[in-house]
Amino acid sequence: MMLYCSSCQVLVKEGGRCPACGKRKLREAQAEDPVMLMTATETKCNQIAAALDEEQIPHEERVCGLEGIASAYAGKGGISNKNIFVPYGRLQEAIDLMQSIGVTHSEVTAPDGKETAEMSPRKRFFWRAVSVVLFILLIWAVVSITDTAAEWLKSLLYS
Ligand SMILES: [Zn+2]
């Protein structure tokens, strides 16, 4: 059974928690659920869309979040990335098709793909907090070492 986060439209392979939003409210993936096949540049996207059309696999392309918007602003519309979605029921077929047209495997969201290995937003926040604390500790250490050194110098000079 494959779990699915309906708000992010991603398959959840492990952990019972959406890797994108951290939600635990997941349901079983249905054949018609759109899932992300891969991210591709607009140019590559056209090639992929044509191949999917040929196999009559329904698909949908969406400009990637902020990055896409930013590059659209910069007038680089041609190189903005797009996420390609296919129905869950056709995912494996689409992955096989991508391989047969020579779209590299690493770009494809294989069912055992490594995208779940990416840090969840909560985890990322945790590590950011930890690095802030470490930074403060480092500053404190430097300051106290400098203080000690200054005291020591003073004691040398004025004794
Ligand atoms: Zn989600």
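The values are calculated or read from the model by the stated rules, or taken from the named source; none is laboratory data. As the structure is a prediction and not an experimental result, all values here were calculated from the model. In this analysis, Cβ positions are derived from the backbone assuming ideal geometry, glycine residues included, and neighbour counts consider all displayed protein chains. Each accessible area value is taken on the protein alone, full model and side chains, heavy atoms only, with ligands, DNA and RNA left out. Shrake-Rupley method; radii C 1.70, N 1.55, O 1.52, S 1.80 Å.
Residues being at pLDDT 90 or above and open to solvent by less than 20 Å² (accessible area, probe 1.4 Å): count how many of those fall in the stretch 98-114.
The first filter runs over the stretch 98-114 and keeps only residues at pLDDT 90 or above, leaving 98-101.
Those still in the list that are open to solvent by less than 20 Å² (accessible area, probe 1.4 Å) too: 98.
Total satisfying the criteria: 1.
Restricting to the stretch 4-21, and then to whatever is among the aliphatic types (A, V, I, L, M) and within 14 Å of PRO87 (Cα to Cα), can you tell me which residue is nearest to the chain's Cα centre (by Cα)? Spell out the reasoning first.
Going residue by residue through the stretch 4-21, those that are among the aliphatic types (A, V, I, L, M) are 10-12, 20.
Cutting the leftovers down to within 14 Å of PRO87 (Cα to Cα) gives us 10-11.
Numbers: VAL10: 11, LEU11: 13 Å.
My answer is VAL10.
In the stretch 51-88, what count of residues is obtained for those that are assigned to a helix (DSSP H, G or I), open to solvent by 50 Å² or more (accessible area, probe 1.4 Å) and either charged (D, E, K, R) or at pLDDT 95 or above (or both)?
Here the count works out to 4.
Select the strands (runs of 3 or more DSSP E) contained entirely in the stretch 1-44, then report the ones holding at least 2 residues which are within 10 Å of the ligand (Cβ to nearest atom) and surrounded by 15 or more Cβ atoms within 10 Å (Cβ to Cβ).
Numbers: elements: 3-5, 10-12, 34-41.
So the answer is 3-5, 10-12.
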